[in-house]
Structure formats: C-alpha cells, structure tokens
1. Return yes when residue 307 is in contact (Cβ under 8 Å) with a residue 12 or more places away in the chain, surrounded by fewer than 17 Cβ atoms within 10 Å (Cβ to Cβ) and closer than 14 Å to residue 151 by Cα and no when it is not.
2. Checking residue 204 against (1) over 30 Å from residue 352 (Cα atoms); (2) surrounded by fewer than 20 Cβ atoms within 10 Å (Cβ to Cβ), which test does it fail?
3. If you scan region 18-55, which residues turn out to be more than 16 Å from ligand 2 (Cβ to nearest atom), assigned to a loop (DSSP other than H, G, I, E, B) and under 20 Å from residue 154 (Cβ atoms)?
4. Among the numbered conditions (1) more than 16 Å from ligand 2 (Cβ to nearest atom); (2) over 25 Å from residue 359 (Cβ atoms); (3) buried (at least 20 other Cβ atoms within 10 Å of the Cβ), tell me where residue 149 comes up short.
5. What number goes with the only condition from (1) over 27 Å from residue 41 (Cα atoms); (2) within 13 Å of ligand 1 (Cβ to nearest atom); (3) touching a strand residue (DSSP E or B) at 6+ places or on another chain (Cβ under 8 Å) that residue 162 does not pass?
6. Could you list, ordered by first residue, the pairs with Cβ atoms under 6 Å in which the first is in region 125-139 and under 23 Å from residue 358 (Cβ atoms) and the second is in a helix (DSSP H, G or I) and within 12 Å of ligand 1 (Cβ to nearest atom), at least 6 apart or interchain?
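The values are calculated or read from the model by the stated rules, or taken from the named source; none is laboratory data. These figures come from a predicted structure and were not determined experimentally. Positions of Cβ are backbone-derived with ideal geometry, glycine not excepted, and every protein chain shown enters the neighbour counts.
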Ligand code: KG4
Ligand code: ZN
C-alpha cells in the first residue's frame, strides 16, 4: 500500500511538460512550460484592436475572436516549443474561471477535446490562483505561506496563500477592481491604449501619470458612500473614479490638454495606490507576527506591471522586512504560461479533473480546497 502510494506520488513529480490555455477575458494565450521551470513558448493573440474602439471589452466580440484564433495560437505554441504534443506534452491545463462565461467555454472545450483525444490528464485552473503561483515558476525559493496582492482588471485581492489550492481572502474590493478604475479613468481622459503586449489602458494611464504632478488635484482616500463597509480591511475604487469624473465636469477641465491629463492621471494613481497600500499594511500587521509570521509578499496580475506600484511596494517590504516577489511584466498580464505552471503545481498535488467539467465564471478563490 505504501509502495503503491509512493509510486503514485512519484508519477506526480515526474511530470515533464504542460500546455496551458487562457481565454478568460480578451486575449487568446497558450504557453508551454516544463516542471523544471523552463518556459518553452508563450504565444498570445491580442484583441485590443477590437475592444479599444468600443471603449472597453465586449464579451461577444472576445468570444468570437477566441474561437477564430485559438487553434492557430495552440499550433504556434507547439511549434515554438519544438515539442511533439503526443509524445512530450504530459498535461493540458486550462482556465476554468473566473471570467467571461462564453470566452472561458472556448478554452475549456478545446482543452477537453485535446486532452481526451491525446489521453492526457486535464487540469482546470483558477485564473487568480494562476496569477498567485506565477512567481514560483520564476523563483524556486519562494515557498508557502506568503501574502499575495492580486491586482487585475477583474479583481483586487489580498490573500494569505497557505499552499496550492488554499487561499484565505484578507481583503477584497466592495465595488470596482483597481484595474477597472485605471481603465475607466483612461476613458474619461480620452487616452489611446498602449499598443502590443504592454498592458492596454492601464499602461497608458501610468505613462501619463509618470509625467504629471500628483499634488495638482487632491482626491480623498478612500471614496465610498458606505463608509461602514470599509471599517475593516476591504477596498473600494469606484468612488475615486467618480470623483475624477465630477472634478472634470465641475471644474470644466479640458481633458484634451496634455498637462491636465498628466496631472489628473498622477493624482488618480497616487490616491488609488495609497488606498491599496493602506489596506495592505493592515493585512501585513495581521499576518506578519506571532505564530504565522509570514515573511514573503507576492504581487501579481496585470496592474502589477505598474512601476509606481512596484516602487511603493518595495518601500513597504523594506519597512516590514518582507521579501518581495513580482513576475516579470509580461507574465503579470494574462498569458498561457501561468496557466501551464498552475497546472503543473496542481498536478503535483494530485489535483486532476475529469473530461466533463464546466467553466465557472464566478468562482471565489477561497472556495478552492
Ligand atoms: O490580469 P490582467 O491581464 O487581466 C485580468 O485578469 O483582468 O489585468 C488587466 C488589467 C487591465 O485593467 C489593464 O489596464 C491593467 O491590468 N494594467 C495596468 C498596467 N498594465 C496593465 N494598470 C496599471 N498600470 C499598468 N502599467
Ligand atoms: Zn488576469
């Protein structure tokens, strides 16, 4: 019996290559990664040209684009990695949720067909867990437990990541995510998205903010009508975005003026990040003491590309003597590599799915496990 379970465990550890598929939102991405932490390919088909003219992500356009592009993105990832899928790929991983239902369905159906025909294990991955585990792909020394700050277009979460599949939510937003707030203010300022894989609307706003004077406008922190919900460590970003809108209207600010744009972007970014750091500070005080004594902080998700946030977090980590881990910028925004890696991590814990699972568009990360 013992020998049998040892063989089972060894099987889990001996895995070689994982292919990961990501279609939860607006980009079609596929990556191939080895369990010895080598990224063999990282392919992506961007959709910003479809969504930018509409002022935001249109789910039906995103879904149709995933259906068109996914087969060739998978082919490109396999060719780039120079692997024989049948012989070399050991598991197929796919984002199961959270995300846009029809978009998730495109990836999940493709992954199930591929895995079933090739007789490979399939792993349904939680998108935010994949963001939280990405720094472990880059750094073998990053062990559990750690504090995780996840900042993306759909979520703003502070987690205690205890191990794979086990995350406690310490703080979440009660309304918009920080990424949504960045995107909406970019639209209010009528700014073009940065092209390519560099981050879209949020990246544009960061660029303007880096040239502006944050002290020109003063946005109180935090801004929410219902202050009682914010007594604890929770966050709120929708009031801040509305404050920018009201200021523009009331002061009749010319948002075509480059200086106004830069200063508003800087003041907004400063207030949003101060709010985030304030709440993170509370969570650090809670978790980095006593028996738990967590000494590591991870920051990931699309907004973690932001240089101003990285700077502020570096200072905070120094203040509390924490080791800080970020993925490189291209692995902060959505990609297939992070899904492949999360698949490997889950597989190594024996967490394998069957070929009948469905996508889960709304999927709280603390319901894993
Ligand atoms: O993780 P992600 O690629 O997709 C989701 O899971 O939502 O995050 C996308 C978000 C978008 O809101 C985008 O504008 C934002 O990340 N973002 C940034 C930056 N680069 C991307 N926000 C602020 N500063 C950036 N440099
Ligand atoms: Zn994401």
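1. On the way: in contact (Cβ under 8 Å) with a residue 12 or more places away in the chain: yes; surrounded by fewer than 17 Cβ atoms within 10 Å (Cβ to Cβ): yes; closer than 14 Å to residue 151 by Cα: yes.
Criteria met by residue 307.
2. Among (1) over 30 Å from residue 352 (Cα atoms); (2) surrounded by fewer than 20 Cβ atoms within 10 Å (Cβ to Cβ), residue 204 violates only (2).
3. 55
4. Every listed condition holds for residue 149 apart from (1).
5. Result: residue 162 fails condition (2) only.
6. Qualifying pairs under 6 Å: 125/339; 130/338; 130/339.
Let's see how each residue does on (1) under 21 Å from the mean Cα position of the chain (by Cα); (2) closer than 15 Å to residue 130 by Cβ; (3) more than 15 Å from ligand 1 (Cβ to nearest atom); (4) not in a loop (DSSP other than H, G, I, E, B):
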residue: 271; (1), (2), (3), (4): no, no, no, yes
residue: 279; (1), (2), (3), (4): yes, no, yes, yes
residue: 283; (1), (2), (3), (4): yes, no, yes, yes
residue: 292; (1), (2), (3), (4): no, no, yes, no
residue: 321; (1), (2), (3), (4): no, no, yes, no
residue: 333; (1), (2), (3), (4): yes, yes, no, no
residue: 340; (1), (2), (3), (4): yes, yes, yes, yes
residue: 345; (1), (2), (3), (4): yes, yes, yes, yes
residue: 355; (1), (2), (3), (4): no, no, yes, no
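Rundown of residues vs (1) over 19 Å from the mean Cα position of the chain (by Cα); (2) in a loop (DSSP other than H, G, I, E, B); (3) near ligand 1 (Cβ under 8 Å from one of its atoms); (4) assigned by TED's automatic domain parsing to the domain that holds residue 100, yes/no style:
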| position | (1), (2), (3), (4) |
| --- | --- |
| 148 | no, no, no, no |
| 170 | no, no, no, no |
| 175 | no, yes, no, no |
| 180 | no, no, yes, no |
| 184 | no, no, no, no |
| 191 | yes, yes, no, no |
| 203 | no, no, yes, no |
